[in-house]
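Single-structure report; data block below.
Values in this text are rule-based calculations from the coordinates and carry no lab data. Small disclaimer: the values here were computed from a predicted structure and weren't measured. We place every Cβ from the backbone using ideal geometry, glycine too, and count neighbours over all the protein chains shown.
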Amino acid sequence: MANVLPFFMGHQAGSLGQQGMSQMGLGMAIAASMVVLTMFQQFLLTHFRGYVEQLLRKLFKSLDQNVQIRFTDDSMDGPKNHEAYAAVETYLSSRCSAQAPRLKANSVRDITTPVLCVDVGEGVDDKFNGVAVRWQLVEEEKDKGDVFRGGSRKNRYYTLSFRKMNRKIVVEEYLRHVMEEGKALKARNRQLRLYSNSASGSECYWNYIMNFDHPAKFETLALEKEKKEDVINDLIRYLLYGPPGTGKSTMIAAMANLLSYDVYDLELTAVLNNASLKRLLNRIPCNSILVIEDIDCSSEITNKREKNSQGDEKTEKIFERVTLSGLLNCIDGLFSANDGGRLMVFTTNHVEAIDSALLRTGRMDKHVEMPFCGFEAFRILAENYLGIEDHELFAKIEGLLEEIDVTPADVAENLIARKGKGEEDSGDECLNKLIEVLEKKVEENRVKNAELPLL
């Protein structure tokens, strides 16, 4: 028994040792398998991940019957993308008020009728030629890299969703319809602005002066109906001429309101040289009116030398100014561009003083004389200022206007109802006051003509 027991115990210990070694080997085998499997997975992911993802996308795309287009508001993507976003937003403003439960209001020139737009997270359904589409406004946080580049910290965009089978009509017809309608609505609602040029050092630039809120419209313009229609039907390049007070500036305001164009008032005496003039004109965007007033005074600008206190020229310093040939070249270059959308208007009190090179067709396509106030223009002024369309005194005023030359501004000044002692002048009082002024002018003309020597 003594010999057997140690043998048994030794045999048992050896079995346990072998079992431990087996378990250790199994663990090492499992660990090695995990390493190999991980390496194999990394190999597969590195070499075949792109193919797998592509196959999955194709699979999901084949199952999804919808198409989605994104219109971003991020100006970093370029001005054209922002214009498309703005056109979409304006287009949807006319359709979202009856659908979306949450809206945002954008103020426009007419503050009493703000533009209602879709709020973030809201959707709008639309239909075009029987095709149903859905718009939705989405807002997301930007990546750190995009925030670092500047701009807003949030990325805002519209998504347009529609059925795949309607892709052709949506892409080729519906989107063009949205862009055209949106841009037209935006042009009607946007705030017009007035700009003027100035110079600093060797650089010339445009300055925003103020919002352009002139009330003038062609309907209220004191001008014959035929002449107004002629101007409206052919808005290209104009020379407006006539005495001061005949409504040249008011005509420009009516043009701007009719077309929804910004106004760029060019003061040639503030332009340093021909090169600066060219840069200024090239910076005028589309949908703008370029105005050069009193061109008869500006067209004589030439190279000038600085003079000292004794009146002698300093030949060492020369002020280069805009020349007539430089102006003509800039006009021809600006309006030969293909983008169009610009209107140029010159004004003058003395058309005979303008160089014939400026007057030729192609530079000033329309010459519009702003005449003295006739009876038709007076009737428009009477309706504008007094709300009177006809009156027993009109016949007498018509006769007086035929005898003298008086500007619409002079007539309007006497039609303005002035308040005094808490009361306003009535229409009769204003008309009688105008008749007194006209009669006085008629008498002055008779006296002047009587004093003229006979030829």
With r as the distance between the Cβ atoms of R70 and D390 and R0 = 41 Å, compute the FRET efficiency 1/(1 + (r/R0)^6) and round to 0.05.
0.10
Restrict the search to region 159-263; then list the GluC sites (Glu not before Pro) that DSSP places in a loop and that have at most 15 other Cβ atoms within 10 Å of their Cβ.
E224
Chain lengthening between R188 and N233 when straightened (0.36 nm per residue, less Cα-Cα)
14.3 nm
Mind scanning K104/K183; K228/K366; K228/K441; K127/K168; K396/K440 and naming the pairs with a C-alpha gap bigger than 24 Å?
K228/K441
Inter-label distance, nm, simple model (7 Å from Cα along the C-beta direction), I416/L37
9.3
For the pair R279 and V171, how long in nm is the line joining their label points, each one 7 Å along Cα→Cβ?
4.4
Give me the extension gain from R163 to F218: residue separation times 0.36 nm, minus the current Cα-Cα distance, reported in nm with one decimal.
15.1 nm
